[in-house]
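Remarks on the structure that follows.
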Amino acid sequence: MKYLGLGPQKPKVGVFDFTCCEGCELQLANKETTLVDFLSLMEIVNFREISSDKGDDYEIALIEGSISRADEIERLKKIRERAKVLVAIGTCACFGGINSLKNRYPIDEVNREVYGEMPKETLEVKPVKEYVQVDLAIPGCPINKAEVERIIVDVVTKAEIKFPKYPVCVECKQHINTCLFDLGQFCLGPVTQAGCDAVCTSGKMGCLGCRGPFEAPNFEAFFDIAKEKGFSKDYIKERLSFFNAFSEVKDV
Amino acid sequence: MIYRVISKSEFRKFLESLIESNVTIGPVQSDVDRNNDPIYKFQQVHSADEIELDYTISYTAVKNFFLPYREKLSEYTFTDDDWDQTIEYRVHPRVLVGLRPCDINALNILDRIFYKGTYPSPYYISRRKNTFIIGLDHEPLPDCFCSSMNHHTVTEGFDVFCSDIGDSYYLAINSSPAFDFLKKFQVTVPTDEDDKSYIERRKFIKKSFKTNVEIGSLPSFLDIEFDSPIWKKWGDKCLNCGTCAMVCPTCYCYQVEENIAVNLKKASKDMMLYSCTILDFAEVAGGHNFRPKKEDRLKYRYYHHYRGFEENAKEPICVGCNRCGRACLADINPKDVINDLRLDNEERS
């Protein structure tokens with residue numbers, strides 16, 4: 001296929017994991033019906049989960065995971081130097097993710113709890129953008145493969161990469177779901193970036209905001225509504241901090 | 001219109017017979033809300049037992065059966081130097097059971113745009129023409145204001161409309177398929193007694209409305225109140241979530257985008273119902289946004305409903321079902337917004 005007279009550009013891609021469960025990488029290798037086509041759009045030079053190649057000549061580096069050790073910072077910076085484009089994939093890389101729970105406790109206490117008498121060198125959990133420039137962030141726990149496919153098609157056809165400018169509510173309504181607030185549950189859908197196809201709320205589980213805030217969240221009004229419905233300040237804060245994706249919110 | 005009466009037990013046989021040979025969609029109970037009240041939605045049914053004919057109101061409108069939230073408008077296949085386009089808008093005939101007058105009136109409004117408008121939509125027409133519609137009257141909910149919009153009764157846009165007169169339904173038959181099909185069932189010509197019951201039922205429904213929204217001269221009124229501070233007040237509450245438009249039976253604004261398949265051999269033109277309250281609704285090429293403020297976006301939703309459409313089509317687009325008001329977490333609802341505007345206007349004059 002040619003678009004504006006140009007054939008597709010096949011980028012060299014490296015995929016790297018840091019502090020994470022590698023579930024987002026697994027997502028990249030998921031959705032088998034289009035997997036061959038997906039992988040044909042790029043040249044994978046480094047991707048531990050699906051290839052033994054260990055190339056360094058990648059143009060696009062996909063980073064999964066948060067940064068929680070000094071050696072990770074060093075490795076991340078090296079990748080940044082080599083890559084033309086660095087993409088944070090998944091909630092850990094974008095916001096810190098579940099790992100950020102660690103930051104709630106003193107670092108020594110955490111170390112002792114996990115490693116006992118054999119403490120390891122460890123740091124506070126931070127998202128990738130705290131250490132290097134991130135050119136594109138694809139949030140989600142895990143990332144939505146369909147969204148990644150759309151983005152890579154945009155990259156190879158040199159089209160503009162776009163994310164929805166509406167919250168999860170729109171996708172939730174498309175599924176004709178009952179609003180979880182009507183069922184007495186709490187849900188971060190009204191302030192969270194769509195693109196997940198409302199997968200959690202369609203399963204009657206309140207949104208935990210893994211994709212972070214959408215472009216126009218009305219936090220003040222939303223918190224007022226939640227409090228009026230009987231959810232305490234502490235409860236709302238707890239839910240917001242689940243993925244550390246709402247660190248911009250200082251108080252509720 | 002031809003009037004007949006059918007007993008509720010015979011009506012059930014009529015429904016079973018329709019379900020047996022058609023895709024049939026009707027109101028079913030899908031959830032129980034936190035106050036222990038049932039939530040009803042229109043879904044495909046496989047037996048008359050599943051249909052809740054005495055349902056209160058459906059959670060979302062039936063709009064999506066005619067204007068799907070997402071729809072592939074056309075598909076492209078690329079060959080070496082050329083491409084082919086495939087468009088598919090044929091649908092199987094189907095039956096929609098239990099629509100309220102406001103819901104049918106909402107379809108009649110959509111007809112003005114997508115059926116009889118300047119740019120008819122073959123996708124919409126195909127669905128509309130192939131849907132057999134059975135309407136059903138109901139006692140209004142406390143917040144229904146369809147009588148204010150004159151949409152509590154309906155005279156067209158359906159095949160048959162049922163009014164509940166106790167043990168029977170008083171049928172208004174509005175299409176030859178409906179008339180022919182009903183011949184197979186025990187229907188009777190209304191007696192004087194039936195007519196009386198029907199008139200009583202209509203009277204009872206009319207006086208059961210608890211909510212009234214004063215819409216007289218609203219278009220000119222909205223013009224005067226264009227800069228009213230009440231827009232900021234309600235806009236500050238708005239979550240920009242688009243829910244109001246999603247559940248609305250007549251909100252039809254949509255966006256179209258082209259998507260290329262992962263194999264780069266196919267592409268599609270896809271439609272998605274959108275909402276004027278969403279941030280980038282009025283964003284144009286180059287990135288300029290004509291309505292960056294949420295109060296303006298909310299205002300224009302009201303303007304489209306009660307002014308813009310009225311000016312062009314001589315009727316508001318709102319049918320008074322208050323689904324937007326019920327679904328809005330921020331409790332933004334037509335009754336309060338319009339009353340607020342009137343109050344503001346009175347205070348200023």
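Every number here is computed from the coordinates shown, using simple stated rules; none is lab data. Small disclaimer: the values here were computed from a predicted structure and weren't measured. For neighbour counting, all protein chains shown are included, and Cβ atoms are generated from backbone atoms with ideal geometry for every residue, glycine included.
Pull up the cross-link candidates among the lysines for A:Lys158, meaning alpha carbon to alpha carbon under 19 Å and not fewer than 8 places away within one chain.
Cross-link targets: A:Lys2, A:Lys10, A:Lys12, A:Lys84, B:Lys265, B:Lys266, B:Lys269.
Going by C-beta contacts inside 10 Å, put B:Tyr303, A:Tyr58 in order with the fewest on the left.
The fewest-first ordering by Cβ neighbours comes to B:Tyr303, A:Tyr58.
Within the stretch B:169-202, report the trypsin sites (Lys or Arg not before Pro) that DSSP leaves as loop and that have at most 10 other Cβ atoms within 10 Å.
Sparse-neighbourhood loop trypsin sites (Lys or Arg not before Pro): B:Lys183, B:Lys184.
Take each complete run of DSSP H in chain A, measure how far its Cα atoms stretch along the helix's own axis, and keep only those covering 15 Å or more with mean Kyte-Doolittle hydropathy at least 0.0; list them.
A:145-156
On alpha carbon coordinates alone, what is the Rg over Rh value for the stretch B:218-348, Rh being the Kirkwood radius?
So for the stretch B:218-348, dividing Rg by the Kirkwood Rh gives 1.04.
Relative to the present Cα-Cα distance, how much length would full extension add between A:Ala29 and A:Glu160 at 0.36 nm per residue of separation?
Stretched fully, the A:Ala29-A:Glu160 segment lengthens by 44.7 nm.
Given that compact globular proteins tend to follow 2.2 N^0.38 Å, what is the ratio of the alpha-carbon Rg of the stretch A:168-240 to that value?
After normalising by residue count via 2.2 N^0.38 Å, the value is 1.01.
Using just the helices of the protein assembly as shown, give the 222 nm mean residue ellipticity in deg cm²/dmol: DSSP H runs with n ≥ 4 each add -39,500 (n - 2.57), and the total is spread over all residues, rounded to 500.
-9000 deg cm²/dmol
Find the all-direction average of the projected area of the Cα convex hull for the protein assembly as shown, expressing the result in square nanometres with one decimal place.
In nm², the orientation-averaged hull projection of the protein assembly as shown is 32.5.
Using R₀ = 41 Å, calculate the FRET efficiency as 1/(1 + (r/R₀)^6) where r is the Cβ-Cβ separation of B:Val256 and A:Glu124; round to 0.05.
The value I calculate is 0.35.
Report relative contact order for the stretch A:12-156 in percent, whole number only (criteria: Cα-Cα under 8 Å, sequence separation at least 6).
Relative contact order, the stretch A:12-156: 28 percent.
If I model a spin label as a point 7 Å beyond the Cα along the Cα-Cβ vector, how far apart are those points for B:Tyr119 and B:Thr155 in nm?
3.2
If you count, for every residue in B:318-331, the Cβ atoms of partner chains within 10 Å of its Cβ, what is the mean?
2
How far apart, in nm, are the 7 Å Cα→Cβ label points at A:Leu101 and B:Val189?
With each label point 7 Å from Cα toward Cβ, the separation is 7.6 nm.
List, in the order given, every pair from A:Lys237/B:Lys63; B:Lys72/B:Lys129; B:Lys8/B:Lys207; A:Lys165/B:Lys335; B:Lys184/B:Lys207 whose Cα-Cα distance in the structure shown is over 30 Å.
Listed pairs above 30 Å: A:Lys237/B:Lys63; B:Lys184/B:Lys207.
Once a ≥ b ≥ c are taken as the square roots of the eigenvalues of the Cα gyration tensor of the stretch A:106-234, is the result rounded (a/c under 1.5), prolate (a/b larger than b/c) or oblate (a/b not larger than b/c)?
Note, shape of the stretch A:106-234 comes out oblate.
Sticking with the crude label model, points 7 Å out along Cα→Cβ, report the distance from A:Tyr131 to A:Tyr235 in nm, one decimal please.
The two pseudo-label positions are separated by 3.8 nm.
May I ask for the percentage of alpha-carbon pairs in the stretch B:1-65 that lie more than 17 Å from each other?
50
Around B:Ile39, which amide H atoms from residues at least 5 apart in sequence, or from another chain, sit under 5 Å from its own amide H, with H modelled in the peptide plane?
B:Ser30, B:Asp31, B:Val32, B:Asp33
Averaged across orientations, what area in nm² does the convex hull of the alpha carbons in chain B project?
Averaging across all directions leaves 21.5 nm² for the Cα convex hull.
Can you give the FRET efficiency to the nearest 0.05 for B:Lys129 and A:Glu117, using r as the Cβ-Cβ distance and R₀ = 60 Å?
It comes to 0.20.
Pull out the extension gain between B:Lys207 and B:Lys269, defined as 0.36 nm times the separation in residues minus the alpha carbon to alpha carbon distance; nm, one decimal.
So the extension gain works out to 17.5 nm.
How big, in percent, is the set of alpha carbon pairs in the stretch B:1-131 lying more than 27 Å apart?
For the stretch B:1-131, the fraction of Cα-Cα distances above 27 Å is 34 percent.
If you scale each eigenvalue of the Cα gyration tensor by 5 and take the root, what three semi-axes come out for chain A, rounded to whole angstrom and sorted largest first?
Three semi-axes, in Å: 31, 26, 15.
Along its principal axes, what span do the Cα atoms of the stretch A:12-156 show, with the longest given first and each in whole Å?
Extents along the principal axes, in whole Å: 48, 29, 26.
Using only the Cα atoms of the stretch B:123-202, build the gyration tensor, take square roots of its eigenvalues as a ≥ b ≥ c, and label the shape rounded, prolate or oblate: rounded if a/c is under 1.5, else prolate if a/b is larger than b/c, else oblate.
The shape class here is oblate.
What's the exposure ranking of B:Ile87, A:Ile67, going from fewest to most Cβ atoms within 10 Å?
B:Ile87, A:Ile67
How would B:His92, B:His305 line up from fewest to most surrounding beta-carbon atoms within 10 angstrom?
B:His92, B:His305
How much FRET efficiency would the formula 1/(1 + (r/R0)^6) give for B:Lys196 and B:Ser217, where r is the Cβ-Cβ distance and R0 is 45 Å, rounded to 0.05?
It comes out at approximately 0.75.
Working out 0.36 nm times the residue gap between B:Leu343 and B:Glu20, then minus their Cα-Cα distance, what length gain in nm do you get to one decimal?
Full extension of this stretch gives 110.9 nm more.
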